Amino acid sequence: MNAIADYRTYPLISPLLSVTLTPELVEVLWADQRRSPFHALWLRDNCPCEACVYSVTREQVFEIADVPLDLEVRAADIDELGALRVRWQDGHESRFDPGWLRAHAYDNDSRAEREAKRPRQQRWVAGLELPVFDYAAVMEDDNALLGWLLAVRDVGLTQVRGVPTEPGSLSPLARRISFIRESNFGALFNVQSKADADSNAYTAFNLPLHTDLPTRELQPGLQFLHCLVNDAQGGDSRFVDGFAVAETLRMEDQEAYRLLCEVPVEFRNKDRRSDYRCLAPVIALDARGEVAEVRMANFLRGPFDIEPARMQPYYRAYRRFIEMTREARFQFRQRLEAGQLWCFDNRRTLHARDAFDPKRGARHFQGCYVDRDELLSRIWVLQR
Ligand code: OGA
Ligand code: ZN
Ligand code: ZN
């Protein structure tokens, strides 16, 4: 029975007991007494038969606009394998695996259950218990890899130890997740103080709390910073959970929060060969209205272009956000040593480094980016 258009398996949570039919709805009763209504259009839309879903790609070839809006179910029952069988007015027949059907049921209880199981991110402040992982383990063992990736997703800041200190060693680790996202700074960029720096990152300055490439429509999802040498004095790393800051601001100063969500500002990154610009608000929300992204690098920001009446209030909000990132209650601070790396959610976790003295010892980090989609896809596949 080809009754699942998917690559995952859906365990049977509860068998189907009975089916009742009304003009628009097929309602099933499960053995655990839950009742789930399914609209005729929903069932037809999700028919997994070989005419509706191409078995090679497991993608739909049928479109719901191919049948009338007032499509009718002719008959519905439970077949000998326990699947829901639906016969349509045009003679088409659909079968639904009960594990799949239960996993996608949209009665109120089933939806509340799915909502409760949705992965929840943990917010953190200065006292973060840093999730630390072992390089050899995540390179060799898929379970260790999954554990690390879940921490990147849910905590947004992790450290990996035992990484070789040869230049380039970061690439195979990043590729355990997926493609590296290249930028004008290279697939792998070198973070070193240099005279002809094309970014404040490539100096020995204090680098305030920021996200990388806020100048792009899509900021890189993950950032890696791998320490090859850190013999310089100073240069410790600092991090802030940007979502914790944004949510605290929402509670403490609603007006500032609203302005940071609403007013777009321009971030710019220019050198002799490139000129990147992005106009976007500092805080972005997702479809649920929850904080989903922070965009902030003061050293890459253009002049505010805001209506006069909002300029002063916006400065107040923008300053407030930066002041909060500077507060000790939010800051996690640690020096990165040779053979260690940071991997963090660049659209959530702001990072910074203290100034250092390049004359008193070498400091060389290598970095790269991987997008959030790649992380989430890798997690789904590892969890199959
Ligand atoms: C960067 C950066 C941090 C550091 O290169 O974007 O933030 O510790 N570097 O040098
Ligand atoms: Zn079909
Ligand atoms: Zn940076």
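The values are calculated or read from the model by the stated rules, or taken from the named source; none is laboratory data. Treat the numbers as computed from the prediction; the structure is a model and nothing was measured. We place every Cβ from the backbone using ideal geometry, glycine too, and count neighbours over all the protein chains shown. Note: areas computed on protein heavy atoms with side chains; ligands, DNA, RNA excluded. Shrake-Rupley method; radii C 1.70, N 1.55, O 1.52, S 1.80 Å.
Here are the numbers for this structure:
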{"item": "Per DSSP, loop GluC sites (Glu not before Pro) in segment 262-338 with at most 16 further Cβ within 10 Å", "result": "GLU290, GLU327, GLU337"}
{"item": "0 to 90° range, to nearest 10: angle between helix 308-326 axis and the chain longest Cα axis", "result": "80"}
{"item": "Length released on extending from LEU279 to PHE299, taking residue separation times 0.36 nm less the Cα-Cα span", "result": "5.7 nm"}
{"item": "Cα lying deepest toward the dipole's positive end in the chain, options SER110, SER183, GLN340, charges on Cβ", "result": "GLN340"}
{"item": "Partnerless cysteines, meaning none of the other Cys C-beta atoms lie under 4.7 Å away, in the chain", "result": "CYS49, CYS227, CYS261, CYS278, CYS343, CYS368"}
{"item": "Accessible solvent surface per residue of the chain, calculated while the other protein chains remain in place, 1.4 angstrom probe, Å²", "result": "49"}
{"item": "Accessible carbon and sulfur surface of the chain relative to its total accessible area, %, 1.4 Å", "result": "49"}
{"item": "Efficiency of FRET between VAL56 and GLU290 - r from beta-carbon atoms, R0 51 angstrom, step 0.05", "result": "0.85"}
{"item": "Shape of the chain, Cα gyration tensor, a/c cut at 1.5", "result": "prolate"}
{"item": "The chain: calculated mean residue ellipticity at 222 nm from DSSP helix runs of at least 4, using -39500 (n - 2.57)", "result": "-7500 deg cm²/dmol"}
{"item": "Dipole magnitude of segment 141-247 about its Cα centre (Cβ charges: Lys, Arg +1; Asp, Glu -1), debye to nearest 20", "result": "100"}
{"item": "Under 12 Å, Cβ to Cβ, from GLU63 - net charge with Lys/Arg +1 and Asp/Glu -1", "result": "-2"}
{"item": "Helix axis angle, 372-383 relative to the chain longest principal axis, alpha carbon, degrees", "result": "50"}
{"item": "Spatial separation of Cα centroids for segment 222-248 and segment 138-183, in angstrom", "result": "16"}
{"item": "Rg/Rg_globular for segment 87-149, with Rg_globular taken as 2.2 N^0.38 Å and Rg from C-alpha atoms", "result": "1.97"}
